[in-house]
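Some notes on the structure that comes next.
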Amino acid sequence: MYLVFDYDGNRTLSSNLYRSREKGPLNWKCKLQICIGVAKALDYLHNGTQKTVIHMDLRPATILLDINCVPKVSNFGLSKIGHIDPWAKQSAAGVVSETLDHMCPEDISLGVQCLTEKSDVYSFGLVLLEVLCCRRSLSKNSLRDSVRRSIRTKTLHQIVNYLEGEVATACLAEYLKIAFSCLQIQAARRPSMDTVVEKLEFALQLQENAEATKPEVKGKGHDGFKLEDIYKQIPNLTSTKPKWKRPLLFSVCRE
């Protein structure tokens, strides 16, 4: 028996993000379109099938890109369909360390039995930040907190300076709002993936509108594309810092 898959000429999203922060095949608009494609894939898993499918392992390394940079969500080895059974619970707990950095707080605290669609939404929020910053989430919530801190201290433009003159500030502001809405500590406050798709498409429209009216000037800092202007449009992202008290990770394995 042979399994035949399409050839994905651009490997994984992670291999394209972390090799270099220099401008390459993945420009900002391309990245945004990739994020929209991944969001649509998750929306289909959550709402387009007879039984809801929860991916459980969404991260840049599990997103494949074809030669046209069209994303394909892969690695469904941990996926949950419907109610999880005891064997699946033990199996997932055994490999949880591989995906820990992209798991939401309630999954880490309460175990895989509490998985819902909102678990994937949280993971997608981290993917959005990794796509923006070209940095891995090396520990739980580190990237989320780092970006939040950079907004509060007005240093975000230094982290994403490779996008200067390329990303419209209105688009970036909307993108960050979407990312942090996905990263809400309380699962009930996270949006559904169909809502995320709509908001990302709106962000793409903001980018295209800005590009259509972009003045032909040399250098950086022209209207609508100055990164330092981002702080005027996202003042509420740092207004509160949610807290989550987490019990021991391996408490779910005691049964």
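The values are calculated or read from the model by the stated rules, or taken from the named source; none is laboratory data. Every value quoted in this text rests on a predicted model; they were computed, and no experiment measured them. Positions of Cβ are backbone-derived with ideal geometry, glycine not excepted, and every protein chain shown enters the neighbour counts.
Okay, residues lined up against (1) among the β-branched types (Val, Ile, Thr); (2) touching a Ser or Thr at 6+ places or on another chain (Cβ under 8 Å); (3) assigned to a helix (DSSP H, G or I); (4) crowded, with 21+ Cβ neighbours inside 10 Å:
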residue: GLN33; (1), (2), (3), (4): no, no, yes, no
residue: ILE36; (1), (2), (3), (4): yes, no, yes, no
residue: LEU58; (1), (2), (3), (4): no, yes, no, yes
residue: ILE67; (1), (2), (3), (4): yes, no, no, no
residue: LYS72; (1), (2), (3), (4): no, no, no, no
residue: ASN75; (1), (2), (3), (4): no, yes, no, no
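Could you go through region 170-191 and let me know if any residue there is at pLDDT 90 or above, under 18 Å from LEU42 (Cβ atoms), in contact with a Ser or Thr (Cβ under 6 Å, 6 or more places away or on another chain) and not polar (S, T, N, Q).
For region 170-191, residues at pLDDT 90 or above, under 18 Å from LEU42 (Cβ atoms), in contact with a Ser or Thr (Cβ under 6 Å, 6 or more places away or on another chain) and not polar (S, T, N, Q): present.
Just checking, how many residues over region 56-86 are at pLDDT below 85, in contact with a His (Cβ under 9 Å, 6 or more places away or on another chain) and of a type outside the set (Lys, Arg)?
Residues that pass the stated criteria total 4.
Working only within region 185-198, note down all residues that are surrounded by fewer than 19 Cβ atoms within 10 Å (Cβ to Cβ) and either free of Cβ contacts under 8 Å to residues at least 60 places away in the same chain or under 22 Å from LEU26 (Cβ atoms) (or both).
Across region 185-198, the qualifying residues are GLN186, ARG189, THR195, GLU198.
Got a sec? Which of CYS133, CYS171 is buried (at least 19 other Cβ atoms within 10 Å of the Cβ) and either more than 22 Å from SER14 (Cα to Cα) or touching an Asp or Glu at 6+ places or on another chain (Cβ under 6 Å) (or both)?
Unique residue meeting the criteria: CYS171.
Restricting to region 1-55, name every residue that is at pLDDT below 85 and in contact with a strand residue (DSSP E or B) (Cβ under 6 Å, 6 or more places away or on another chain).
ASP8, ASN10
Tally time: how many residues in region 109-130 are surrounded by 19 or more Cβ atoms within 10 Å (Cβ to Cβ), part of a helix (DSSP H, G or I) and either modelled with pLDDT under 90 or polar (S, T, N, Q) (or both)?
3
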